[in-house]
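We did not get these values from a lab; they are worked out from the coordinates using the rules stated. Note that this is a predicted model, so its numbers are computed, not measured. With ideal geometry, Cβ positions are generated from the backbone for all residues, glycine too; neighbour counts draw on all protein chains shown.
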Amino acid sequence: MTMQDAWAAGRGVWKLKATRVLEEDEVAILSPDGLVLAVAEITGVIKHDERQSIEGALITNHPLLGKYVEVSKSRNPIRHVQEVRLISW
């Protein structure tokens, strides 16, 4: 999967709070096991009825790309993370 594919699949359309998304600068798309597939600078949110999609510009040289980060065991596919914890370089 390319970074563009991961971004297209992961950025929406989700049930989320636009205000919470817009409080952040960046969003990361992770695989289920915590591999960072894409990172983007958040530029906006688009409404789709009761759901939203995230607009952004991919950051192709972000230091987290290709790294594994710790993920929660929540079944919710959307997570708000304040602190990223790397588990591999």
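Would you point out the residue of the range 24-60, among those that are more than 14 Å from Ala6 (Cβ to Cβ) and among the β-branched types (Val, Ile, Thr), that is farthest from the chain's Cα centre (by Cα)?
Keep residues of the range 24-60 that are more than 14 Å from Ala6 (Cβ to Cβ), which gives 24-26, 41-53, 55, 57.
Imposing the further condition that a residue be among the β-branched types (Val, Ile, Thr) reduces the set to 42-43, 45-46.
Working: Ile42: 10, Thr43: 13, Val45: 13, Ile46: 15 Å.
If we take residues in the range 24-60 being more than 14 Å from Ala6 (Cβ to Cβ) and among the β-branched types (Val, Ile, Thr), then Ile46 is farthest from the chain's Cα centre (by Cα).
Based on what the data block shows, is Val45 under 24 Å from Lys67 (Cβ atoms) and among the aliphatic types (A, V, I, L, M)? Criteria not met by Val45. Look at the range 46-67: where a residue is closer than 14 Å to Gly10 by Cβ and in contact (Cβ under 8 Å) with a residue 60 or more places away in the chain and a partner is buried (at least 16 other Cβ atoms within 10 Å of the Cβ) and not hydroxyl-bearing (Ser, Thr, Tyr), sitting 6+ places away or on another chain with Cβ atoms under 7 Å, you get Leu65/Val36; Leu65/Val39.
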